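Trainee: Have a look at the structure that comes next, please.
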Amino acid sequence: MLKAGLYVLVALAVFALVFAFLPSGSADETRTGARLQGVSLSLYPSRDADAVWRFRASEVQSDPLKGETHLAGLSDGGRWLRERRADGQPTGKFVLDATLVAPDLTIDAQDNMLTRQAKITLVQQCANIDLSGTPTEPVRVEQGSGFSAPVARVDSPSLTGRVTRLRMSFDFRVEDSGEDSTLGWDPDATETCENGKRVPLSTAS
């Protein structure tokens, strides 16, 4: 599903470059889509209405036939959530909920993001999750749900360990894991998380 931000840029590029991609009777006739370089982009997932993903990418390549967009040279990746007052009404501001570092990403037709390796930091839980995938089982970030990977390492002030077949929500709930996982609460924890920052237990309020 095409979205404002990222896909508006790609659509404009397709229009501008349409003649460059017309069939030529050679091997290039299978080439589709468009390629942009040095792009700041936003993704507004329909299945996660209060969220927006923001990235910078050195290269963005779209394939409208597959319904996929590939981002390379990523930086400043993050999930921002619409801030709401106590009565549930939006304030008009967005707050950073999670950061994402990955060598590249493929966004599919459902706005899910796939990559071979990623690091997600859940800001409010001060949790770093290193995710590793394979060509057949990539790391998946599913809109409105969370993320999954064949193998993950979790590092937070209290919960740490290695997890296989991890499935976790954006609010740091483990929804599935393999029997050989070693994830657990650290009884000797020396830090806690306050306002998105790790602080020593001795100074915690």
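Trainee: Taking the stretch 98-111 as the region of interest, how many residues are closer than 13 Å to Val52 by Cα, outside any strand (DSSP E or B) and modelled with pLDDT of 95 or more?
Mentor: Within the stretch 98-111, residues that are closer than 13 Å to Val52 by Cα, outside any strand (DSSP E or B) and modelled with pLDDT of 95 or more number 0.
This table checks each residue for (1) touching a residue at least 12 places away in the same chain (Cβ under 8 Å); (2) more than 19 Å from the chain's Cα centre (by Cα); (3) more than 19 Å from Asp108 (Cα to Cα).
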| site | (1), (2), (3) |
| --- | --- |
| Thr136 | no, no, no |
| Val141 | yes, no, no |
| Ser148 | yes, no, no |
| Val151 | yes, no, yes |
| Val154 | yes, no, yes |
| Pro157 | yes, yes, yes |
| Leu166 | yes, no, yes |
| Ser169 | yes, no, yes |
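Trainee: Quick check on the stretch 182-191. Is at least one of its residues open to solvent by 60 Å² or more (accessible area, probe 1.4 Å), within 19 Å of Ala98 (Cβ to Cβ) and among the β-branched types (Val, Ile, Thr)?
Mentor: no
Trainee: Within the stretch 85-97, identify whether any single residue is touching a strand residue (DSSP E or B) at 6+ places or on another chain (Cβ under 7 Å), at pLDDT 95 or above and not in a strand (DSSP E or B), and answer yes or no.
Mentor: no
Trainee: Within the stretch 98-119, how many residues turn out to be buried (at least 19 other Cβ atoms within 10 Å of the Cβ) and among the charged types (D, E, K, R)?
Mentor: The qualifying residues number 1.
Trainee: Please enumerate the residues belonging to the stretch 51-61 that are within 15 Å of the chain's Cα centre (by Cα) and open to solvent by 50 Å² or more (accessible area, probe 1.4 Å).
Mentor: Matches in the stretch 51-61: Arg54, Arg56.
Trainee: Residue under question is Glu175, and the condition is that it be assigned to a loop (DSSP other than H, G, I, E, B) and open to solvent by 40 Å² or more (accessible area, probe 1.4 Å); does it hold?
Mentor: Judged against the criteria, Glu175 is not a match.
Trainee: Hey, can you tell me all the residues within the stretch 195-205 that are under 18 Å from Ala98 (Cα atoms) and open to solvent by less than 50 Å² (accessible area, probe 1.4 Å)?
Mentor: Scanning the stretch 195-205 gives a single hit, Gly196.
Trainee: Check the stretch 9-22 and report whether any residue there is at pLDDT 90 or above and open to solvent by less than 50 Å² (accessible area, probe 1.4 Å).
Mentor: There is no residue in the stretch 9-22 that is at pLDDT 90 or above and open to solvent by less than 50 Å² (accessible area, probe 1.4 Å).
Trainee: Restricting to the stretch 62-92, name every residue that is of a type in the set (Lys, Arg) and exposed (fewer than 10 other Cβ atoms within 10 Å of the Cβ).
Mentor: Arg85
Trainee: Follow-up question, since we're still on this one. When residues of the stretch 120-171 are filtered for being open to solvent by less than 10 Å² (accessible area, probe 1.4 Å), in a strand (DSSP E or B), under 17 Å from Gly77 (Cβ atoms) and not small (Gly, Ala, Ser), how many remain?
Mentor: Within the stretch 120-171, residues that are open to solvent by less than 10 Å² (accessible area, probe 1.4 Å), in a strand (DSSP E or B), under 17 Å from Gly77 (Cβ atoms) and not small (Gly, Ala, Ser) number 7.
The values are calculated or read from the model by the stated rules, or taken from the named source; none is laboratory data. Please read all numbers here as calculations on a predicted model, not as lab measurements. Methodologically, a virtual Cβ is constructed for each residue, glycine included, from the backbone with ideal geometry; neighbour enumeration extends over all protein chains shown. Accessible surface areas use protein heavy atoms only, side chains included; no ligands, DNA or RNA. Shrake-Rupley method; radii C 1.70, N 1.55, O 1.52, S 1.80 Å.
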